[in-house]
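Each reported figure results from applying straightforward, stated rules to the coordinates on display, with no laboratory input. What you see is a predicted model, and the numbers here were worked out from it, not measured in a lab. Please note: Cβ atoms are built from the backbone with ideal geometry, for glycine as well, and neighbour counts cover all protein chains shown.
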Amino acid sequence: MAAHRARRWSVGGLVLLLSAALAAAFLVTTTGPATSRANAAAAGAQTWADEFDGAAGSAPDRSKWTLETGGSGNGNNELQYYTDSTRNASLDGNGNLVITAQKNTDSGLRCWYGTCQYTSARLNTAKTFTQAYGRYEARIKIPRGQGIWPAFWMLGDDLGSAGWPNSGEIDIMENVGHEPGTVHGTVHGPGYSGGGGITASYSLPNGKAFADDFHTFAVDWSPNAITWSVDGQTYQTRKPADVNGNKWVFDHPFFIVLNLAVGGNWPGSPDGSTSFPQKMTVDYVRVSTSDSSGGGGSRTGAIKGIGGMCVDVAGASSADGTPIQLHNCTGVDAQKWTTGSDGTVRALGKCLDVQGGSTAAGAVVQLYTCNGTKAQQWTHTAARDLTNIGSDKCLDARGNSSADGTRLQTWTCTGAANQKWTVG
């Protein structure tokens with residue numbers, strides 16, 4: 001989109017994120033997931049959620065969300081001032097978060113262009129939750145009108161150190177008010193940012209508008225692909241090859257952003273047809289390790305290698321550091337591995353892990369508490385290689401052996417039989 005915005009972070013928000021980036025080097029989750037609703041989409045292991053259950057007029061949960069403040073224009077010449085007031089972001093008592101954009105009545109609020117014309121809200125999880133890979137989903141009823149710009153999106157947790165767009169951005173849903181029946185999904189990174197973002201759109205049939213009802217917006221994100229959907233309908237998949245030789249920066253944890261902007265380079269300014277207040281109503285936001293409905297779902301089963309031997313947790317122990325080996329296939333839980341779109345391979349409640357995060361050939365593979373690092377992220381290729389993301393090396397049976405008890409390691413990918421694996 002030629003008119004797409006140049007960037008989405010604010011100067012005030014960047015100060016917040018500089019400190020958050022230091023604390024978010026690994027996967028961080030909050031306390032246990034909220035109770036699922038009857039109409040929830042089928043998903044894998046839920047890692048984070050907000051169902052927005054609370055009293056009418058109460059503030060969003062500060063243990064989950066940080067409200068950004070300021071009127072910098074966010075690099076897009078936006079017109080709103082983001083506040084942390086419940087006048088702009090509050091629960092409605094019916095299980096929804098309501099973000100309200102309205103005309104400003106406080107002459108003391110200053111924006112980049114002078115006295116602010118509008119106020120609204122922008123929430124993020126930079127301090128409280130980040131995750132690499134999985135399904136990110138929200139059910140939202142968007143507002144309407146010229147110059148209105150709601151969004152549900154993500155930024156890389158290294159924004160404070162790498163800067164934008166090197167940290168990456170995944171726009172799960174954006175709508176500009178002059179396109180009432182269309183939403184956009186986009187990735188931004190080095191060499192493909194701003195108006196050069198890699199994007200696609202989804203339009204409702206029969207001239208319907210997204211503001212007329214709730215819709216479910218989601219991405220399913222794996223190490224090698226990001227897939228966008230609306231109401232379960234896939235409309236775009238992007239892979240590393242799609243960034244035209246530029247760096248694929250979607251290989252580390254991201255945090256979530258919800259906001260309702262007013263004006264800006266892409267949507268243009270409100271006009272006489274735009275009424276205020278406008279409300280973005282969010283029923284829920286949920287994150288899981290995978291989407292069992294088909295967008296890159298998890299599966300559980302044996303992993304078989306050379307000689308038909310199974311990948312096995314030695315002694316069926318779930319202790320950190322337990323060796324991973326080949327063993328005759330017996331069907332026990334120590335040989336049942338679950339793979340998901342978050343890139344992990346899990347057994348006995350823990351992750352297949354390269355010891356010490358080593359990138360050296362010959363690093364041993366072990367069972368370890370899941371922590372979201374690249375040492376625990378794997379890709380199973382069409383060639384049947386099981387490749388570790390952190391080291392870019394293959395799971396390997398030592399000495400080309402299929403003997404019972406052969407230790408597994410990572411090694412430079414050679415295409416040999418001791419590096420070929422059948423999963424599930």
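Couple of notes before you dig in:
- Environment charge at Pro277 (Cβ cut-off 10 Å; Lys +1, Arg +1, Asp -1, Glu -1): +3
- Ranking of Ile389, Ile226 by count of other Cβ atoms within 10 Å, fewest first: Ile389, Ile226
- Dividing the summed -39500 (n - 2.57) terms of all DSSP H runs of n ≥ 4 by the residue count of the chain sets its mean residue ellipticity at 222 nm at -1000 deg cm²/dmol.
- Here the Debye sum runs over all C-alpha atoms of segment 299-423 as equal scatterers in vacuum, and log10 of I(q)/I(0) at q = 0.09, 0.18 Å⁻¹ comes out as -0.19, -0.84.
- Using the Cβ-Cβ distance between Gln233 and Ala361 with R0 = 30 Å, the FRET efficiency computed as 1/(1 + (r/R0)^6) comes to roughly 0.10.
- For segment 11-288, the Cβ-based charge dipole about the Cα centre amounts to some 120 debye (Lys, Arg positive; Asp, Glu negative; other atoms uncharged).
- Helix 11-23 axis, angle to the chain major axis (alpha carbon atoms, nearest 10°): 20
- Among beta bridges that DSSP assigns inside the chain, antiparallel share in %, nearest 5: 95
- Relative contact order for segment 11-288, counting Cα pairs under 8 Å that sit 6 or more residues apart, in percent: 27
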